[in-house]
Structures are given as structure tokens and as C-alpha cells.
Amino acid sequence: MTTDHDYDALLVVSFGGPEGPADVDSFLDNVFRGLRVPTETKEHIAKRYEQVGGVSPINAHTRAFIKALQFELDAHGPALPIYWGNRNWHPLLSDTVAQMAHAGVRRALAFVTSTFSSYSGCRPYRQDLFEAARAIPNAPLFDKLRVPYNHPGFIEAMSDRVADARDTLPAEQRADAVVLFTAHSLPLAMARNCEYEAQLNASCELVAAALALKRWRLVYQSNNASYGREPWLEPDIRVALREAEAEGIKGVVVAPIGFVCDHMEVVMDLDVDAAAVARELGLT
């Protein structure tokens with residue numbers, strides 16, 4: 001049985017994001033590598049990045065996460081150095097694995113900042129890590145930590161965030177407010193072949209139970225990379241907001257449970273697009 005004493009390091013594997021306008025096109029080329037995504041879809045997404053100066057918040061969030069995690073490991077163990085590698089932007093996974101090999105790391109834990117199982121949310125991370133290690137002499141052996149969708153720490157953290165947000169609603173709206181848990185939409189064909197929906201529902205139910213929520217719903221966002229006529233998971237959050245207003249609901253808490261930190265799709269789909277719909281409808 002492997003214990004923490006058998007590991008030399010912890011590798012945080014994230015999606016990555018551009019940190020300036022000059023990064024956007026190359027970053028999107030990496031994201032869509034090997035996919036049949038039309039040029040106009042890529043151009044549409046690139047324009048969304050332009051609205052915020054070409055900077056995704058995900059790298060800054062990942063740096064903050066690693067800093068906090070290193071503090072915890074130093075204080076409580078196991079005493080492991082933390083490395084960071086991204087799939088789609090610097091620091092790239094291949095460069096980080098090479099750095100680890102050069103430092104003499106022989107066995108490492110890998111934590112992927114993707115909380116739910118799906119092809120796009122799990123398998124590419126494993127594949128990229130495998131390819132990076134295969135290409136580098138004396139690369140470490142990696143053991144991937146399990147997806148944390150129902151981990152008590154994840155549920156506690158998400159419950160805290162939902163409670164904090166609910167407390168910002170006017171007092172008279174809190175009792176009847178609805179919590180809309182959001183996640184990245186997927187093509188139905190992909191969703192049918194993984195545990196994505198089941199794990200999302202399990203997470204939502206655990207948070208709802210922890211907070212004794214009366215009204216909650218799982219909804220989706222970020223289907224802007226869809227193409228053709230293939231259906232994706234629904235309902236879209238903008239539709240759900242309109243349905244909530246039609247039911248007479250005045251206050252809504254939006255909880256991006258499908259994401260461990262903000263990135264461009266969270267910012268644009270929720271802080272911009274969904275927020276605009278809420279203002280239009282007069283929802284708090």
C-alpha cells in the first residue's frame with residue numbers, strides 16, 4: 001500500500017489560460033487541438049477574451065491555490081514540494097514534468113483541478129500527463145488523486161460559498177430564494193457515456209442537505225463551443241433565470257459548482273451574460 005512517505009512531490013494540473021491579448025490565439029489553438037471546431041467558433045470565443053483584455057483569471061487563482069496548499073502541507077504534512085503544469089498554457093505540463101525529472105522526483109501525486117468525471121474534464125488531463133511523462137527520460141511515476149465531487153472538503157467549501165452568497169440577499173428574499181448550481185454543458189452523446197451528471201447531482205444534493213435548501217436546481221452554461229445540431233445538456237442558466245422569475249421568485253443564488261475557480265467562461269457566462277438577464281428581469 002502506498003503512503004505519503006512514498007511520494008516526492010505533488011503536481012497540480014490545471015487547464016491554463018491566457019494572460020494577455022498576445023496569448024489568446026495560441027492558447028485557443030492548444031485548447032482546440034485535434035477537435036473539429038469551426039473557425040468562426042474560435043473567433044467568437046476570442047472576442048469574448050478581448051472584452052477583458054485577453055486575461056483569464058484561472059492562472060492567478062491557481063497560483064493562489066498553490067500558495068495556500070503549500071502553507072497547509074508545510075504546517076500539517078505531508079511535506080511535499082508543489083509543482084504546477086497546465087494543459088493549454090504556460091507553465092505547460094511537458095515543461096513541468098521535465099523540471100520534476102531534472103530535480104530527481106521519482107514518484108508524485110497529481111491533483112487535477114477538474115472536479116467531475118467526463119471525457120473533456122478527466123481523460124485529456126490523464127492523456128496529456130501520460131504523453132508528457134513518456135517523452136521525458138527518467139520522468140516521475142504519477143498517481144492521480146480521485147475526483148473530489150463528493151469529498152467532504154469540497155462540499156464544506158461549496159456550502160460556505162453558497163451560504164455567504166445567500167446572506168447577501170435582502171432578508172425578505174432569502175427564505176424563497178432559489179439556488180442555481182451551474183456546470184459546464186456537454187454534448188448529450190458525451191454525457192451519456194460518463195458519470196458527469198450523476199456526480200453533479202450528488203454534489204448538489206450534498207450541499208443542499210448541508211444548508212437545508214428549500215429550492216435548488218442544476219443548470220448549465222458554456223455551450224459556446226457547440227457546433228452542428230448536436231444537443232447539449234440543459235437547461236441553460238439564462239433560461240432557468242427566466243423560469244424562476246416567471247414562478248414569482250425574487251432572489252437567486254448562482255453557484256458555479258462545476259468549477260473549482262473562475263476562468264473566462266465563468267466570468268462571461270455568469271458575471272456578464274447571466275447577470276444581464278437577471279437585471280433585465282429584476283432578479284436580485
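Side notes on the structure shown:
- Scanning segment 167-179 for residues that are part of a helix (DSSP H, G or I) and open to solvent by less than 60 Å² (accessible area, probe 1.4 Å) yields a single hit, Gln173.
- Among the residues of segment 247-271, just one is among the β-branched types (Val, Ile, Thr), open to solvent by less than 10 Å² (accessible area, probe 1.4 Å), farther than 27 Å from Lys47 by Cβ and not in a loop (DSSP other than H, G, I, E, B), namely Val253.
- The residue that is surrounded by the fewest Cβ atoms within 10 Å (Cβ to Cβ), counting only those in segment 22-48 that are over 22 Å from the mean Cα position of the chain (by Cα) and in a helix (DSSP H, G or I), is Thr39.
- Note on segment 49-77: among residues that are assigned to a loop (DSSP other than H, G, I, E, B) and more than 22 Å from Ser114 (Cα to Cα), the one that is least open to solvent (accessible area, probe 1.4 Å) is Gly54.
- All positions within segment 106-127 that are touching a strand residue (DSSP E or B) at 6+ places or on another chain (Cβ under 7 Å) and without any contact (Cβ under 8 Å) to a residue 24 or more places away in the chain: Arg126
- When residues of segment 225-246 are limited to those that are of a type in the set (Asp, Glu) and assigned to a loop (DSSP other than H, G, I, E, B), the one surrounded by the fewest Cβ atoms within 10 Å (Cβ to Cβ): Glu230
- Residue match in segment 165-177 (condition: touching a Phe, Trp or Tyr at 6+ places or on another chain (Cβ under 9 Å), modelled with pLDDT of 95 or more and either charged (D, E, K, R) or under 29 Å from Gly248 (Cα atoms) (or both)): no
The values are calculated or read from the model by the stated rules, or taken from the named source; none is laboratory data. As the structure is a prediction and not an experimental result, all values here were calculated from the model. Cβ sites come from the backbone with ideal geometry, for glycine too, and all protein chains shown count toward neighbours. With ligands, DNA and RNA removed, areas are computed over all heavy atoms of the protein, side chains included. Shrake-Rupley method; radii C 1.70, N 1.55, O 1.52, S 1.80 Å.
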